[in-house]
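Below is one structure, written out as structure tokens; the observations come after it.
The values are calculated or read from the model by the stated rules, or taken from the named source; none is laboratory data. Keep in mind that this is a model prediction, so the values were computed, not measured. FYI the Cβ positions are ideal-geometry reconstructions off the backbone, even for glycines, and counts take in every protein chain you see.
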Amino acid sequence: MPSYPTNSLNFLKLLDNHANGTHQTLPVPAKVPLNIIVAGAGLGGLATAIALARRGHRVTVYEQASTLGEVGAGIQMPSNSTRLLLSWGLGPYLGDRVIEPASILFRRWQSGEVIGHTRLVPDFRKNFDAPYYVIHRAHFHDALHRLALDLGVTVKVNSKVAEYDPAQPSLRLESGETYTADLIVAADGLRSKARPTILKGADRVAKPTGFAAYRGVIGVEEIRAHPELAWLIDEPNLNLW
């Protein structure tokens, strides 16, 4: 008889034991170290820089903002992401700013009754060899930034890209400086200057869907002081109505 659900998790047996998702793996050094530029120091840009620096490449990140900081609220980090991030050595940089919720609870909106329960602890560490985390986006961004710097990545702010030249490859900043590299990775967001360059002027901008989501952050002490909300922080869970 096959195990339920139909051996779908058996591929994990082929993975090394990562000590419940906390093991840092050693990267295989690149045979030919490159000089690489990453445009954009958001989550994607910094993660790319870390992955490349761990292989021994020389990485410089150019960011248009004057200071690094990530806007937004909470971000969920599922096991397929945390397994990779922790193998990079990000765990100590996350520290106590990351939370491992016990469960995802779906509740009936009229009464709060639990009508769906996904247990995260200890199931996700056991089944996927890595935890399921939630963290504030700014804290996640800060952890990536500090790890990147410790790996030797150079991050330059006030460096907005004006144009790319794929033939060199090179980029020119709005301040006039031009920088060349063996490889340029554009992680420059929704208003990318690289996208219309690659598409030869025919940019494909994001199209509004008509949907919107509003998010906010409330301090723990404020929740604890409210008699109808205090139970929400008795145990860290993801509650959805």
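With respect to Ala138, is the statement that it is modelled with pLDDT under 95 and outside any strand (DSSP E or B) true?
On the way: modelled with pLDDT under 95: yes; outside any strand (DSSP E or B): yes.
When the stated conditions are applied, Ala138 passes them.
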For the stretch 221-235, pairs from a residue that is within 16 Å of Pro101 (Cα to Cα) to a residue that is surrounded by 12 or more Cβ atoms within 10 Å (Cβ to Cβ), with Cβ under 8 Å and 6 or more apart or across chains, are Leu232/Ile223; Leu232/Asn239; Ile233/Ile223; Ile233/Arg224; Glu235/Ala102
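If you check Thr209 against the conditions, is it farther than 18 Å from Gly74 by Cα, free of Cβ contacts under 8 Å to residues at least 12 places away in the same chain and β-branched (Val, Ile, Thr)?
Working: farther than 18 Å from Gly74 by Cα: yes; free of Cβ contacts under 8 Å to residues at least 12 places away in the same chain: yes; β-branched (Val, Ile, Thr): yes.
Yes: the conditions hold for Thr209.
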The number of residues in the stretch 185-241 that are outside any loop (DSSP other than H, G, I, E, B), surrounded by 10 or more Cβ atoms within 10 Å (Cβ to Cβ) and out of contact with any helix residue (DSSP H, G or I) (no Cβ under 7 Å at 6 or more places or on another chain) is 8
The lone condition Gly112 fails out of (1) within 15 Å of Pro78 (Cβ to Cβ); (2) modelled with pLDDT under 95; (3) not charged (D, E, K, R) is (1)
